[in-house]
Structures are given as C-alpha cells and as structure tokens.
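As structure tokens, the structure follows; a few thoughts come after it.
The values are calculated or read from the model by the stated rules, or taken from the named source; none is laboratory data. Because the structure is a prediction, the values reported are computed rather than measured. For neighbour counting, all protein chains shown are included, and Cβ atoms are generated from backbone atoms with ideal geometry for every residue, glycine included.
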Amino acid sequence: MELLRDLDFWKYVSIPFVAGIVGWATNWVAIKLTFLPLEFRGIRPYLGWQGIIPSKAGKMAGIFAESTMFRLGTLGEIFRHMDPEAMADHISEVIEPRLDGYTDEVMFYGGQGALWRSLPSMVKSRIYSRVRDEMPALVHDLMQEIGEHIEDLMDFKHMLVTLLEGDKVLLNRLFIESGEEEFKFIIRSGLYFGFIFGLAQLAFWIFYKGWWVLPFFGGLVGYATNWIAINLIFRPLHPKKIGPWTVQGLFLKRQREVAGVWTHLVTREVVTLHQIIEEMLTGPESDKVEALIKKHIEPIADEALGSFLPAAQLTVGSSRLVDIRQAAGDKAVEVSIESFKHWGFNEDRAEVLGELLQERMADLPPEEFQDLLRPCFQEDEWKLILMGGVLGLLAGLAQLVFVFGGLGSGF
C-alpha cells in the first residue's frame, strides 16, 4: 500500500500509458494529414500543409486509372458490358414523347418556319409518324457504331483524371471507403504498439535515467507505430502459415469485401454511363462524336419527308433541305445527354457494370490488388512517419518536463 501512495511509482507507471497515447495520437494525425486539408493551408512553399492525396490529385488520379481501372477492363469492354442495345432502347423510350416537338424545332431552325406552319395538319401528322417509326432504328445503329469505336471516340484516362482532379473529396473517398477498416486499425494499433514500446521504455528508464531517454523513446514510438501498422496492412502479400495461424496483410484478407465497396462507389460516381456520354460530347474527341451522331441522325429529315421529298425539293430547293438535315443533326447532339440523366437507368447500368468489375477485382492477384490502397501510403509516406517521430519526441520532452520535473530535478 505504501508503494501505491508513492508519487514516483505513478510517474513510472505513466510511462507505458503515455507511450500508448503518443502512438495512438501520432497515427491519428498521420491518417488525417493524408487526406486533409483539401487545399494548402499556411504560407507557401514550406510553412503549411495540404493533404498528401489532395496535393497530388492529378498524379493519384492517373495512378487510379492506370493501376486499377485499366487492369479491370478496357473502355470498350466496359461500354459494351453496359449494353448499347439497352441504351438505344432507353434513348428511344425517353425521346419518343418529345419527337413531335423536336420535329417542330428542326423545321423552324431549318429556316422553313413559314412553310411548316402552312402545311395541313394531316401532312404534319404523317411526318410526325414517320419520325417516330424511323428514329429507333437510327438510334440503334448509332449506339452500335459507338460501341464498336468507343476507344477512338473518347479518352478514358482524360475522363478519370479530369473528374478526380477536380473533385478531391471524391478522390479521397476512393481510398477512405476502400480502406476504412485499415485506417481504423492503424489508429488503434498505435495505442497497442505504443504501450508495448512503453514497457520497454520503462525497463530502460529504471536502470538509466538519462535526459534523452524519454524524448528518444517518444520519437521511436511515434515513428515505429506508423511503420509497423502500415506494413501489417500489406504484408505478407500471400497467406502464410505460422504455427496454427494463417497470416496475411489485413487489407489483402478483405479483398472480396473491399471489391464490393469499391465497385459500388466507382460505378455510381466515377465510371458512370452519364459521365462517359458527357465526356464523349465535351472531351477532346467530341468533334468525332458529333460527326458520328449527325451522320446517323441527319437522314431522318429525308425519311420523314418520304413521298413529300420531291415536292419539298421543288418548293424550298435542295440547299434548304441541307439546312433541315443539319438542323436535325444539331438537335440530336443537343439532346443526346438528356437521355442519360435518368437516375434509374444509370443505377441499372451501374449494377450491371458493378458485377463485372467486382468479379474481376476479387480475382486480382495480391500484388495488383494492393495498388488500390497502397499509393496513398507510398506517396510521401516518409513525411508522415517522420512527423510521427517528431510528435513523439515532443511528447517525450513534455513527459520529461511535466512528469519528472525536467533536467534539473535529478528525476
């Protein structure tokens, strides 16, 4: 009982507990500084910080594209798995109720407003009917050709990098949601490993009370707990039998679970049908896409006029008919993206694509699967581990001064 009332006893007991707290705190800080802040805070270039992932957004997005997405499938495979035939049916279903209005707009934009207004209702009705009859086949032909030449019609990497570089929150989520359990482990393990190091520190301190011991061990705890936790996540790559236990890197053991979480996020917010179509229409290859759409849709003008075509040529002239065809193509380009803004259809295609990507990701060898999370630690990893060491050293100094009275107390 006398021992329990001894103040020095409690000072000694505090050593492993403080070490555990230091380990926990430095690992927590390391994880936070990996992702936050999104933008640089401080005075550039050196006095401040930006999260490691956000600060390398372009590079990390490129790694995501090349090290992960390209291993799971080509753009052609992805697009064709989403089923261009189903897309064509959806487009036809969405635009069918609006076709009469689109036809009116084309005729007015084609410079024949007066003529179109003067046509009898019966003639207009027949033209509307022909447009509705002919449009589905044209749309199906268009989507089939897009599926065959999708690699030439858009830059897949450009789409991924542009999206993720411009949305750092989404970029962070790709790592955070995939490695949620591992990040929790890193933080918790700091407490466990820190306490164990603290016991070693305590044993050393009992026999030698040099002023440098507490700061040194504090720095060691902050440095080593980070390093050990990160390595336990990814090593060993393959399952290894150690006595009655089978061990493998924590992240790698969750491969199938992670594949489900990751593909759900990617197919809903990164590689979506809406995103692909938008990239096709606005990206570097948009001119090719517009030309292809017009090639397939402009003939609808001739199909719609049908038996009225010779009379129309006499009435308005061939040049005016060219204007009408161009107006039809321009209108088709204008409304192309509208059909892919429907949440239900995008969700349906996401589920179809998710099944493919999840199966392929679950079957990746560990060497490739680890690249899903490993880059967020490899990029400037030394800074985080070194910072853990510095914070641990400062904690050790604080313990020396405030618990043991500093250098002049004789401990």
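A few notes on this one:
- Leu142 under 30 Å from Phe64 (Cβ atoms) and not in a loop (DSSP other than H, G, I, E, B): no
- Residues being surrounded by 16 or more Cβ atoms within 10 Å (Cβ to Cβ) and part of a loop (DSSP other than H, G, I, E, B) - total across segment 74-100: 2
- Top-ranked residue in segment 263-291 [being hydrophobic (A, V, I, L, M, F, W, C) and under 18 Å from Glu145 (Cα atoms); ranked as surrounded by the fewest Cβ atoms within 10 Å (Cβ to Cβ)]: Ala291
- Pairs are defined by a Cβ separation below 8 Å, a sequence spacing of at least 6 or placement on different chains, a first member in segment 58-87 that is over 12 Å from Leu372 (Cα atoms), and a second member that is surrounded by fewer than 19 Cβ atoms within 10 Å (Cβ to Cβ) and among the polar types (S, T, N, Q); the pairs so defined are Pro84/Gln144; Glu85/Gln144.
- Restricting segment 101-127 to residues that are among the hydroxyl-bearing types (Ser, Thr, Tyr) and surrounded by fewer than 14 Cβ atoms within 10 Å (Cβ to Cβ), the residue that is modelled with the lowest pLDDT is Ser118.
- Among residues of segment 53-66 being surrounded by 15 or more Cβ atoms within 10 Å (Cβ to Cβ) and not hydrophobic (A, V, I, L, M, F, W, C), the one that is farthest from the chain's Cα centre (by Cα) is Ser55.
- Candidates Gly210, Gly166, Gly260, Gly198: the one that is more than 24 Å from Leu356 (Cα to Cα), under 22 Å from the mean Cα position of the chain (by Cα) and either loosely packed, with under 15 Cβ neighbours inside 10 Å or touching a residue at least 60 places away in the same chain (Cβ under 8 Å) (or both) is Gly166.
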